[in-house]
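Notes follow once the structure below has been shown.
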There are 2 protein chains.
Amino acid sequence: MKTNKLKWVILALYLLYTFSPLSANDGYRLWLDYQLIDDSVKLENYRSIISSIYSSEDSEIAQTTAQELASGLEALLGEQIPMSSSMDASIILATAKTITSAISPKDKITQLKENGYYIHSDGDQIHIIGYDDSGMLYGVFRLLSLLQKQESITELDILSNPKIQHRVLNHWDNIDRTVERGYAGFSIWNWHELPEYKDPRYTDYARANASIGINGTVVTNVNANSIVFREDYIEKAAALADVFRPYGIKLYLTARFSSPVELGGLDTADPLDPSVQQWWKDKTAQIYEAIPDFGGFLVKANSEGQPGPQQYGRNHADGANMLADAVAPYGGIVMWRAFVYSEHEPDDRAKQAYNEFVPLDGQFRDNVLIQVKNGPIDFQPREPIHPLFGSMPETPLMMEFQITKEYLGQGTHVVGLANLFEEVLDTDTYVEGKGSTVAKVIDGSLHDHKLTGIAGVANVGTARNWTGNVFAQADWYSFGRLAWDPYLSADDIFEDWTQLTFGLDPTVVSACTELLDVSHEHCVSYMNPLGLHHIFAPGHHYGPGPWIEDMPRADWTCVYYHKADKEGVGFDRTKSGSNAIAQYADGLCKQYKNPNKIDLKFLLWFHHVAWDKKLSTGRTLWEELCYEYNAGVAGVRDMQKTWMSIKDKIDSERYEHVRSHLIIQEKDAIWWRDACLAYFQTFSEMPIPAGLPEPAHDLEYYKSLNYPYSPGIRPRW
Amino acid sequence: MKTNKLKWVILALYLLYTFSPLSANDGYRLWLDYQLIDDSVKLENYRSIISSIYSSEDSEIAQTTAQELASGLEALLGEQIPMSSSMDASIILATAKTITSAISPKDKITQLKENGYYIHSDGDQIHIIGYDDSGMLYGVFRLLSLLQKQESITELDILSNPKIQHRVLNHWDNIDRTVERGYAGFSIWNWHELPEYKDPRYTDYARANASIGINGTVVTNVNANSIVFREDYIEKAAALADVFRPYGIKLYLTARFSSPVELGGLDTADPLDPSVQQWWKDKTAQIYEAIPDFGGFLVKANSEGQPGPQQYGRNHADGANMLADAVAPYGGIVMWRAFVYSEHEPDDRAKQAYNEFVPLDGQFRDNVLIQVKNGPIDFQPREPIHPLFGSMPETPLMMEFQITKEYLGQGTHVVGLANLFEEVLDTDTYVEGKGSTVAKVIDGSLHDHKLTGIAGVANVGTARNWTGNVFAQADWYSFGRLAWDPYLSADDIFEDWTQLTFGLDPTVVSACTELLDVSHEHCVSYMNPLGLHHIFAPGHHYGPGPWIEDMPRADWTCVYYHKADKEGVGFDRTKSGSNAIAQYADGLCKQYKNPNKIDLKFLLWFHHVAWDKKLSTGRTLWEELCYEYNAGVAGVRDMQKTWMSIKDKIDSERYEHVRSHLIIQEKDAIWWRDACLAYFQTFSEMPIPAGLPEPAHDLEYYKSLNYPYSPGIRPRW
């Protein structure tokens, strides 16, 4: 009877999906696409083990936990698993605080830390013990993912603590629902209909984040709007916080520094002015009244036209500390961004943040994190690490990654960002000798900080599949996984994501994992090879614009960054140039300073190199550039082949979706190659090497292209 | 065995839906939510009748037709219905051109007209005979709707011809995906990823439209952008047309009149200049090359700052005819909008279009339709009909309804527009004597026009349920039904929509039908009772702004329209005032001209009335105004009760969705009432009648409210 039943259930599910022209697999379920286990032996095994759930907790988060477990199991096992009031239940949910001694090895449980979990099974019973309620929730998502992957659950012994405390998304979402650098439609926050209407999507968003360990979200743009502090908007934000809370997610807001003037009617926003301090204290009290677990503020100040303390002759510490004092009584934090650059153009913008912030080390309050982009410029396809990492030992620094792909093909290209993240996190700063990786700066272990954080600029939008390109879901997922454990390998993350998203067929898993794994390097090759950077079309940053030279400030142009001339190309950041290299510790500096020894991927970032210089590859720089651009294009074509090889194993909706996007990616890769080579050739005056294609059009053609309606809002460059 | 199978199928479907926290009923399937027939007797009956499908056609549309029928039946009947090559099949799809004489009563088939269909069954076999392929498709959707409604299919004899030829949606969608007056998220057209990526949603959109008989769509905003005529955008538009074609839907574009200058580099856009004419001919040829069945152009010219022929001393006919000549060789049409008003402020904006267009009657080419908004001002909650209807006997006029609810609560309020549409279509113009209804103007029967059309400004956006508010789906549906047959009753349409959307439970059907049926009148009451109009906040048009008096032009203010003073309120449009009533035929004029006899719903539209004047209701005008505003609020509360009464019979996602929106609607209704009464009271100086509530705040409070981020883009007021 059971197999008969199963047969019909499967048939009905199959029919439902094939019936319905309106609901093929649209990607909405992300990596939480719980399907009935299709291996009947494993299914029977799981069913024989799992028959009831007991929970020792009944907080809001605990209720979510039980509900997620029950509904997840129901989908995976095809039968309802009842809650039980008996500790004999097959799954025990508990926290370290309430658990009785009998249950699990004590030594493991005492190792649990905030948000951590321990999963133990001995065949009869599965224990999911959280350090706290959130830990229990994370443990449940972990168990469900093991079932999705059809792994054995009979001898589980998994202890997992997050290595970073604040794992936060940053939404660059404007109140009018446009998203600065958003390529997945528009903002999912419908402020207009809040607080009354809570779109079910908010819950699904919270759930997806919780499933990968994210515990905070900043819902407003860093280019901030003071209207969020208006009473009605605080009520709206509180409604969102109410949705996030049961998933262990705190809500944060961006603070526009001039709010006391714009909204409060004060004459000044000077952080040392008592009336300003009082305004922020009152406003903060009002927010905590509505949102008792409000996370705190994220601030972009004195950067790209945003107001800040420097307007009043104060420094970043003065500004951050004022806000920190306001939120401190409630346990809130301030995340103060280090992405600043002077109104006055420096000799090298890459040096600016370091110069401004290092002198302030030690002057920030205990509840301030300085949020630093991964590289010194701006989320380029590849950058060396930001020199601030390791350089402010007295101050906790948090990482800011960009999950949305402003400079990496935006919504259309497949580029698995975990490789970029991994490269950054694994880079050795050498500040405390060999092994002083960026990951150790971020997780607090290098300089013994308890307050730690990591932020990812979200790639989530109204697109049905959340991220526009279905493979961009992997970037969201990767960020969450690395935020929990910055020592994970990208390959393992890609494999997990693929299995949870596309199923367990080994051909599919290996194809998708490979696609993701090679994609970042290919993108660098066809966009910004050999250390080139910031040669994007202005405004939208979608296509190439190396010829851009006429902008309001020199460091917004492209020629400022590549410095191509008759002799060569590249930005000399050694002693003979801007000496930005000196901002790195010796161990790293040594790797970068010699143009003959530097890894070619950073060559033109640090050196101005002659066109005819022979490189370690045996090719001249010009030839190497041509080969790199072509390798990028070839790489995309290989990715197309890889994808097409699994056509029969992917549902048609997602197959076509990715196939179409890979066509755009190829077209764009060719555009990048041809436009950049046509441009740089005017300096090198060398021929395209034999066997490689000439640009399809002349340079004037590429310069004439304009795309005023590219997605992503850009208040200015 | 069969019932056993059925049992499991139903169980599995049930489990699937309850399993999945990410996919409750989100409204995406609209009125095409084919569910397995839940009445087992009827299901068996349908199954016994329907076992195979034969199609005599194999065009693109015919293939869509067969596919829609097969997948619809599979969902409704729970079993696959195979295609057959035998004329003995249980369902025969054919067109009047190919059908053999044996099949159906000839006299019926000869009555078929373009896009019409005939459905005949005698128990054994069902014939769906289209006049053409599109008719066959419409017939299939009709049959499927009969099954959804579980009606008998044994003795069908349905002959249906559309009464209007061009049934068109107008998308006010900008290229950057913002939507002017869009309240359901953003534009579904992702121009950036076209032509490569064809979002499956485009197909679902086409399908939904075809199911209600819509056969054309203008995908770009009437405030037009000439970039759509750039080669790459024509390619993008062609990709959309390729998706629409198999559903019998033609693509149209809006033509910015200055395109020859902006895009073509000419010095002029003068429609009588040969180089301009040639530019449009060449551009049109290029479009038809890419889109062989391109529908033509929609034009907003010399209106609200848009360029037009008057800039060159030419008139609307000169402009329209130039474009008409360009598309004529390909069978295209021009839809030229009559929504114009002078740069110079007239004494009464309501008179403007009539004054400009009536003198041009008879001067337009045969392939030009003049597109006229339903009322003389601008999609107000209620307007008398536009005086142009019936006044241009030599020129085919098409109706422009607004499906998106710019002035009717936008995305949040439940307001069933079919009542508004019906009121307009049923209004008698009296131009050819009694019975000269607007419907007869539009369907061409009054003045014997073969070219006919009707347009609806779309309310479709990226919202998962397409229209933001699930009840706004009814407006889209109603428009389609009335476009096919402008003589249908709103009540019947509401009932059909409810059954197809929420199922057949009589309690649900009667509750939802009632909700829709009363909603428009309530909205008029709490917004613009007694003929008040255009008293909206500027820009977003969401809330009240009767106090608005400081705008760039007088006829953009609110005081211009309500003319409240110490004596009374209302716009005198009789002989003693602007005499706009003279633009109507005598029969209608007679109804409007006497303030003692006019229907109160139009009182203040046509008359300035003293505050203390006794009305037919026995109340003074001021009292009546107070009672009306309060009746509107009470009406919304009744609607809430009606909705809550069916809580147990609606899935929780849609139930909560509507419940939340009705809370917003109530809040807004109170806001409208209190703000307007507080304002008008400053003129009437009369007390709120006993038993009715005082405004919650003083007038200054309401004036101080500002909502700069209300949805819907407004380039200007």
Practice item. Would you check if there is a residue in the range B:170-183 being touching a residue at least 24 places away in the same chain (Cβ under 8 Å), over 25 Å from the mean Cα position of the chain (by Cα) and not in a helix (DSSP H, G or I)? Key: no
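Please tell me if B:Thr64 is within 14 Å of chain A (Cβ to nearest Cβ) and either out of contact with any helix residue (DSSP H, G or I) (no Cβ under 8 Å at 6 or more places or on another chain) or among the β-branched types (Val, Ile, Thr) (or both).
It is true that B:Thr64 is within 14 Å of chain A (Cβ to nearest Cβ) and either out of contact with any helix residue (DSSP H, G or I) (no Cβ under 8 Å at 6 or more places or on another chain) or among the β-branched types (Val, Ile, Thr) (or both).
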Check your understanding: What single numbered condition from (1) within 24 Å of B:Tyr561 (Cβ to Cβ); (2) under 27 Å from the mean Cα position of the chain (by Cα) fails to hold for B:Ile663?
Key -> (1)
Practice item. Give the residues of the range B:507-555 that are touching a helix residue (DSSP H, G or I) at 6+ places or on another chain (Cβ under 8 Å), open to solvent by 10 Å² or more (accessible area, probe 1.4 Å) and of a type in the set (D, E, K, R), sorted by residue number. Key: B:Glu514, B:Asp517, B:Glu521, B:Glu549
Practice item. Select from the range B:191-206 the residues that are more than 8 Å from every other protein chain (Cβ to nearest Cβ) and under 25 Å from the mean Cα position of the chain (by Cα) and write down the one among them that is most open to solvent (accessible area, probe 1.4 Å). Key: B:Asp199
**Study point:** Within the range A:32-45, tally of residues that are within 14 Å of another protein chain (Cβ to nearest Cβ) and not polar (S, T, N, Q)
**Key:** 5
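One line per residue, one yes/no per condition, for (1) more than 10 Å from chain A (Cβ to nearest Cβ); (2) surrounded by fewer than 16 Cβ atoms within 10 Å (Cβ to Cβ); (3) in contact (Cβ under 8 Å) with a residue 40 or more places away in the chain:
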site: B:Ile650; (1), (2), (3): yes, no, yes
site: B:Ser660; (1), (2), (3): no, no, no
site: B:Ile664; (1), (2), (3): no, no, yes
site: B:Ala678; (1), (2), (3): yes, no, no
site: B:Met686; (1), (2), (3): yes, no, yes
site: B:Pro689; (1), (2), (3): yes, yes, yes
site: B:Glu694; (1), (2), (3): yes, yes, no
site: B:Leu705; (1), (2), (3): no, yes, yes
site: B:Pro708; (1), (2), (3): no, yes, no
Point to revise | Selected residue (criterion: surrounded by the fewest Cβ atoms within 10 Å (Cβ to Cβ)) from residues of the range B:591-624 that are in contact with a strand residue (DSSP E or B) (Cβ under 8 Å, 6 or more places away or on another chain) and within 25 Å of B:Asp517 (Cα to Cα) | key: B:Leu603
Exercise for review: Could you please let me know if A:Lys113 is modelled with pLDDT under 95 and either basic (Lys, Arg) or in a helix (DSSP H, G or I) (or both)?
Suggested key: no
Practice item. Could you figure out which of (1) at pLDDT 95 or above; (2) within 23 Å of B:Leu159 (Cα to Cα); (3) among the hydrophobic types (A, V, I, L, M, F, W, C) isn't true of B:Ile99? Key: (1)
Practice item. For residues that are among the hydroxyl-bearing types (Ser, Thr, Tyr) and not in a loop (DSSP other than H, G, I, E, B), scanning just the range B:475-489, find the one that is surrounded by the fewest Cβ atoms within 10 Å (Cβ to Cβ). Key: B:Tyr477
Study note, to complete from the structure: Counted residues in the range A:65-88 being part of a helix (DSSP H, G or I) and either more than 13 Å from A:Asp133 (Cα to Cα) or open to solvent by less than 10 Å² (accessible area, probe 1.4 Å) (or both) come to 12
Review point. Among (1) more than 22 Å from A:Asp505 (Cα to Cα); (2) at pLDDT 95 or above; (3) surrounded by fewer than 22 Cβ atoms within 10 Å (Cβ to Cβ), where does A:Asp122 come up short?
Key: (2)
Check your understanding: Hey, among A:Val368, A:Val340, which residue is at pLDDT 95 or above and in contact with a helix residue (DSSP H, G or I) (Cβ under 9 Å, 6 or more places away or on another chain)?
Key -> A:Val368
**Study point:** Boolean, B:Arg245 is under 19 Å from B:Tyr288 (Cα atoms) and open to solvent by 20 Å² or more (accessible area, probe 1.4 Å)
**Key:** yes
Check your understanding: Across the range A:151-186, what is the number of residues that are open to solvent by 30 Å² or more (accessible area, probe 1.4 Å), of a type in the set (S, T, N, Q) and either at positive phi or out of contact with any Ser or Thr (no Cβ under 9 Å at 6 or more places or on another chain) (or both)?
Key -> 2
Point to revise | Single residue of A:Ser48, A:Ser56 found to be open to solvent by 30 Å² or more (accessible area, probe 1.4 Å), over 18 Å from A:Ile153 (Cβ atoms) and more than 14 Å from chain B (Cβ to nearest Cβ) | key: A:Ser56
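The values are calculated or read from the model by the stated rules, or taken from the named source; none is laboratory data. No experiment lies behind these values; they were computed from the predicted model shown. With ideal geometry, Cβ positions are generated from the backbone for all residues, glycine too; neighbour counts draw on all protein chains shown. Surface accessibility is based on the protein's heavy atoms, side chains included, excluding ligands, DNA and RNA. Shrake-Rupley method; radii C 1.70, N 1.55, O 1.52, S 1.80 Å.
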